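Reviewing the structure listed below.
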Amino acid sequence: MKLDLGNQLASSEEHQSDTITYLFASELDHMPSRNLLDLLETRDFYVSFRQEAISLILQAQYSCDCGPFVPYLAVNFMDRFISRIEIPEGKPWILRLLAVSCLSLAAKMESTDFSVCNFQLKDDPALAQTLKGRATEIILEAQNEIKLLKFKPSVIAASVLLLASNELLPLQFPSLKCSISAFECVDEENLLNCFDTLQEMVENE
């Protein structure tokens, strides 16, 4: 039996072309609806919710042996969900449930072993230890900065925590900054001045 390699090659190329065309045609089916952009531009709640959810998803790399594909796909799933389903405010457990659900689904798509029990959403030990270590480094370095002598120790401590979180958890930084600034004993202007001083010190190292 004689094989017609020319026809087989042509058939393979045609099939590949059809597959590529299909992928482009179905691309919109795998994206969030346009409603998501409107929500993020008009409602601060959705901006904060999305930032915190993404930060939780990215923490999976600290507690699970996940490649970059898993958190990337999980964020895609999360965006598609919140663009179509109304998220009620005042229920923080929804944030964690959505993050775990999207991660589990993304891990299954890559056939990656993923255990929800191993994903410490509340207090990721490795991340917390890293944040504490970085904050300690900044405080020790700050002892040489005479500009910081005008600030109270509590202000310096809060500013150091903000600076460390800005470096390690940039997605959670805005919400943490708002939480600390809203505390009645904190002078926001003084806090930000101290933060700027510390940031300048770190950048000039």
Point to revise | Estimated FRET transfer efficiency (Ser179, Ser26; beta-carbon r; R0 41 Å; 0.05) | key: 0.50
Point to revise | Net charge contributed by nearby residues that have their C-beta within less than 13 Å of Pro174 (K/R +1, D/E -1) | key: 0
Check your understanding: What number comes out for the charge environment of Ser101, summing +1 per Lys or Arg and -1 per Asp or Glu over other residues with Cβ under 13 Å away?
Key -> +3
Review point. Under a 1.4 angstrom probe, counting protein chains only, how are Leu163, Leu176 ranked by accessible area, largest first?
Key: Leu176, Leu163
Revision key, fill the gap. One finds, for Thr130 and Arg84 with R0 = 30 angstrom and r their Cβ-Cβ distance, a FRET efficiency to the nearest 0.05 of 0.25
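The values are calculated or read from the model by the stated rules, or taken from the named source; none is laboratory data. A quick note: this is a predicted structure, and the numbers were derived from the prediction, not measured. Here Cβ is always computed from backbone atoms with ideal geometry, including for glycine, and neighbour counts include all displayed protein chains. For accessibility, only protein heavy atoms count, side chains too; no ligands or nucleic acids. Shrake-Rupley method; radii C 1.70, N 1.55, O 1.52, S 1.80 Å.
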